[in-house]
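Working notes, beginning with the structure itself.
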Number of protein chains: 2
Amino acid sequence: MEIPPGLETTKRKVAHSDEHGFSDDLDQVRVPNVIVMVGLPARGKTYISKKLCRYLKWTGFKTKVFNVGEYRRTDANAADAIHGANASFFSPDNAEALKVRTESARRAMEDMADYLNSGTGSVAIFDATNTTKDRRSIIIDFCKKKRLRCFFIESVCDDPAIIDSNVTDVKVNSPDYKGLMTAEQAKEDFMNRIENYKRQYEPLEESEHESLSFIKVINAGRSFKVHQVRGHVQSRVVYFLMNIHLLPRSIYLTRHGQSEYNAMGRLGGDSPLTEDGRKYAAALADFFEEEEVPGLRVWCSQKVRAAQTAQHLKPDFHTEYWKALDELDAGICEGLTYEDIQQRYPKQADDRATDKYHYRYPSGESYEDVVSRLEPVIMELERQANVLVVSHQAVLRCVLAYFYDRPLSELPYIDIPLHSLVKLTPRAYHCDSTIYALDLDTQEWAETSAQLPLCDSPRD
Amino acid sequence: MEIPPGLETTKRKVAHSDEHGFSDDLDQVRVPNVIVMVGLPARGKTYISKKLCRYLKWTGFKTKVFNVGEYRRTDANAADAIHGANASFFSPDNAEALKVRTESARRAMEDMADYLNSGTGSVAIFDATNTTKDRRSIIIDFCKKKRLRCFFIESVCDDPAIIDSNVTDVKVNSPDYKGLMTAEQAKEDFMNRIENYKRQYEPLEESEHESLSFIKVINAGRSFKVHQVRGHVQSRVVYFLMNIHLLPRSIYLTRHGQSEYNAMGRLGGDSPLTEDGRKYAAALADFFEEEEVPGLRVWCSQKVRAAQTAQHLKPDFHTEYWKALDELDAGICEGLTYEDIQQRYPKQADDRATDKYHYRYPSGESYEDVVSRLEPVIMELERQANVLVVSHQAVLRCVLAYFYDRPLSELPYIDIPLHSLVKLTPRAYHCDSTIYALDLDTQEWAETSAQLPLCDSPRD
């Protein structure tokens, strides 16, 4: 069969057309994006940077955060003229320190341009305060010169409770203070640092540059101001920022109980639960009876084994069935065992072992395809509070790789045993993970606080 | 096989979880949404209402626009006290007219509540000016009493060019004026009507109500202000409004050329083009050579027959391959003819004939599933300029139903012949459609300005 040129080498399965409007400059089709944070200290810039980076990487954009503070800490140590990084360092009157800070920003920008223009990455997130028009104007000019598209995210917050909690939780543990002073001293110094920034802070304004594109995130997502969004990446970033939230909640993930096909070692299909599987379904209902999760939603795949696993849960949990949560489609290999595949399609088995993430079963799906169809599920999980997801191994690997922030290359190897429940609790810079493993005989759950490891046997 | 209760009756394939946060009031899970337009005349409120309604209906939300102007025209005629609807009718000093207008709004609101609370619909769009805080406060209270979620869309525009084009294109053809005066008189009267509204216009403010949720669309999408978005529907509405645009452009749709499976009457598969199919591919390239579409993007499915159809197009068109554009998966019926299916699976053939839109092939997809996976494609089509989509019959039926604004029940019957190209040009309230049908022998294109009709034979 003749395969037209170009099709085989198409790696991305969901296309991202990145330029709106008419352009006869073809280089404009996939302009790399620089996302520039703006805001006073303790406004969640690093939180947004990291979270956005994780999301974009998971959806297939090579993305990296460039944190100017990290450059500054190296430069400041090298300069040796400044002791530590107390608030006076951030005073606009401290010329020596200003030089160090400007130099740190310049180095971060150069690295960022190298990262994007070498083709290594397609999105760079520039994490710094960037609180003056001058500073932003330098960045805009730099991006223009380097042919990069530039988008600002300003986090504005006047709610003292949000700021206080951010300073207390995150900033007193910053490398600027660790081991140098008490938490109270650190907090006081940090509040002074904010004051120093406030003296020169100029919030983003539409009028400051004609090509300015931005989103203002106001009071952690209560309101937004959006101006001149350009291209697919910016549009996705805006949508993502509008759906995330900081409210405490947990996400529970489980595979269905053992199915008849599981017991036979066969892939896919739509077989019902075995007796063991039904025991798990009963235990799962008991677990949530005891756990008393407020307002729990249940999202279930449309496969019989998943629906049977969810069927004993209290009827007042709101249950929805998503086709997007169905297992990876193994195409011509559905219903076969791994031994059958090795025997009948040895070439397929080899190809899969070589690049498990991109490998697509003939007439079926790849992990990359599953990530693509799960994107609306992740977006909706971000928007929701407490959710239990009852799905399948490959699908949950994709979901876990997102919350664990694992590279896509590791994603297909995350070990998710049957009859276990994962509880994820998102924190500022990571996600707590607890594994509950059911003993089918005693109906007892064993609890471990850990991320699920990678498989010993990488075939499944 | 035991099917758990609930699964069979699940009609919607992509779930919409509609409440964020914790709530122990289960009625809150699927609160119907009222979307309330706000803005001076000629700010595109009806354009947004109609476009949003089309999008929501296509994604599966039962949605209806309630246009107060239409109620008012009936009421005003009934009242008989007012002759026509000239600008003085809209003066805030005209007490009699104000009574008619208030009564029209009240009737529209009551109908809206009936529509939503009877379960007939899940989203109502309330299309009126709603330019005063008082008026909006009445709506908020009404929605609260009727247990409806309320979201405002304000269109703000101070660009005279946009307003002038809207007044000229749309308003002088309004039923308020048709046949009653010249276009110039109508325009002048309409500008006076705007002035009357301006005298009492109070733009939306966060502070006017604590539970206020809204988006302000500023200068036809150049900027947005978004406040307190609640739930899945509002989040989707905001994302949609941020991606649509008014720039002139065209979308071209074509099936692949005839494939070997087409020639044999077999479903699906991944066969290459026949000689006729290759002739079509060549003619398609010639067509776009002549058409000279600026900045054309080509979006192609990942099937061989589609890629071969696109392969002779100029290499400087930017081509992307979307798995989401692949043909409806016929599951166990892939590779069979309709006669085979009738013989082997008569029950399946019957079920499909009964409800073609919801019918899902075993281990395959339904039209509803295809609409769900096409949603990101539609969103991206809205955002883009000129695009050529090379795909398949079932997929293009879904895309066309969106642009033609056809009911989902008709969607699976739209007749899309092989070797034809559809050119869609979106206008304010509809979409121009031109069909180019290729004569394979003469390589001539026959051109018709029409929508594609429904099939004579409803089986395919």
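The values are calculated or read from the model by the stated rules, or taken from the named source; none is laboratory data. Everything numeric in this text was worked out from a predicted model, so none of it was measured. With ideal geometry, Cβ positions are generated from the backbone for all residues, glycine too; neighbour counts draw on all protein chains shown. With ligands, DNA and RNA removed, areas are computed over all heavy atoms of the protein, side chains included. Shrake-Rupley method; radii C 1.70, N 1.55, O 1.52, S 1.80 Å.
Going by the conditions given, is B:ASP111 under 14 Å from B:VAL65 (Cβ atoms), under 20 Å from the mean Cα position of the chain (by Cα) and not hydroxyl-bearing (Ser, Thr, Tyr)? So B:ASP111 does not fit the description; no. Tell me yes or no: at least one residue of region B:248-257 is at the interface with another protein chain (Cβ under 9 Å from one of its Cβ atoms) and within 25 Å of B:LEU452 (Cβ to Cβ). Yes, some residue in region B:248-257 is at the interface with another protein chain (Cβ under 9 Å from one of its Cβ atoms) and within 25 Å of B:LEU452 (Cβ to Cβ).
Confirm whether B:GLU110 is under 12 Å from B:PHE142 (Cβ atoms) and surrounded by fewer than 21 Cβ atoms within 10 Å (Cβ to Cβ). For B:GLU110, the condition - under 12 Å from B:PHE142 (Cβ atoms) and surrounded by fewer than 21 Cβ atoms within 10 Å (Cβ to Cβ) - is met. Of all the residues in region A:310-342, those that are more than 9 Å from chain B (Cβ to nearest Cβ) and of a type in the set (Ser, Thr, Tyr) number 2. Restricting B:SER259, B:SER207 to those that are surrounded by fewer than 19 Cβ atoms within 10 Å (Cβ to Cβ) and polar (S, T, N, Q) reduces the list to B:SER207.
Would you pick out the residues in region B:150-193 that are closer than 16 Å to B:ALA220 by Cβ and surrounded by fewer than 15 Cβ atoms within 10 Å (Cβ to Cβ)? Answer for region B:150-193, where residues must be closer than 16 Å to B:ALA220 by Cβ and surrounded by fewer than 15 Cβ atoms within 10 Å (Cβ to Cβ): B:ASP158, B:ASP159, B:PRO160, B:ALA161, B:ASP164, B:SER165, B:ASP169.
The number of residues in region A:233-242 that are at the interface with chain B (Cβ under 7 Å from one of its Cβ atoms) and either touching a strand residue (DSSP E or B) at 6+ places or on another chain (Cβ under 6 Å) or surrounded by 22 or more Cβ atoms within 10 Å (Cβ to Cβ) (or both) comes to 2.
Any residue in region A:379-402 that is over 30 Å from A:PRO248 (Cα atoms), buried (at least 18 other Cβ atoms within 10 Å of the Cβ) and in the same structural domain as A:LEU424 (by the TED database)? Before the answer, list the steps.
As a first pass, look at region A:379-402 and keep what is over 30 Å from A:PRO248 (Cα atoms): none.
Within region A:379-402 (the criterion being over 30 Å from A:PRO248 (Cα atoms), buried (at least 18 other Cβ atoms within 10 Å of the Cβ) and in the same structural domain as A:LEU424 (by the TED database)), the answer is no, since none of the residues qualifies.
Take A:SER250 and tell me if it is among the hydroxyl-bearing types (Ser, Thr, Tyr), within 23 Å of A:ARG427 (Cα to Cα) and in contact (Cβ under 8 Å) with a residue 24 or more places away in the chain. Yes: the conditions hold for A:SER250. You will find that of A:GLY268, A:GLY257, A:GLY295, the residue that is farther than 24 Å from A:PHE403 by Cβ, touching a residue at least 12 places away in the same chain (Cβ under 8 Å) and either of a type in the set (Gly, Ala, Ser) or not in a loop (DSSP other than H, G, I, E, B) (or both) is A:GLY268 and no other.
Report yes if A:GLY277 is more than 10 Å from chain B (Cβ to nearest Cβ) and assigned to a helix (DSSP H, G or I), otherwise no. Judged against the criteria, A:GLY277 is a match.
Those residues that are part of a helix (DSSP H, G or I) and polar (S, T, N, Q), I need them from region B:371-429; list them, please. Give the steps one after another, and end with the answer.
First, pick out the residues of region B:371-429 that are part of a helix (DSSP H, G or I): B:371-383, B:393-404, B:411-413.
Across region B:371-429, the qualifying residues are B:SER372, B:GLN393.
Quick check, is B:ARG230 charged (D, E, K, R) and touching a Pro at 6+ places or on another chain (Cβ under 8 Å)? No; evaluated as a whole, the condition is false for this residue.
Restricted to region B:337-370, and to residues that are part of a helix (DSSP H, G or I) and among the polar types (S, T, N, Q), which residue is nearest to A:TYR239 (Cα to Cα)?
Taking region B:337-370 first, the residues part of a helix (DSSP H, G or I) are B:338-344, B:346-354, B:367-370.
Going one step further and asking which of them are among the polar types (S, T, N, Q), we end up with B:342-343, B:348, B:354.
Details: B:GLN342: 46, B:GLN343: 48, B:GLN348: 40, B:THR354: 39 Å.
For region B:337-370, the residue satisfying everything is B:THR354.
Looking at B:ASP456, B:ASP460, B:ASP432, just one residue is open to solvent by 10 Å² or more (accessible area, probe 1.4 Å) and without any contact (Cβ under 8 Å) to a residue 24 or more places away in the chain, and that residue is B:ASP432.
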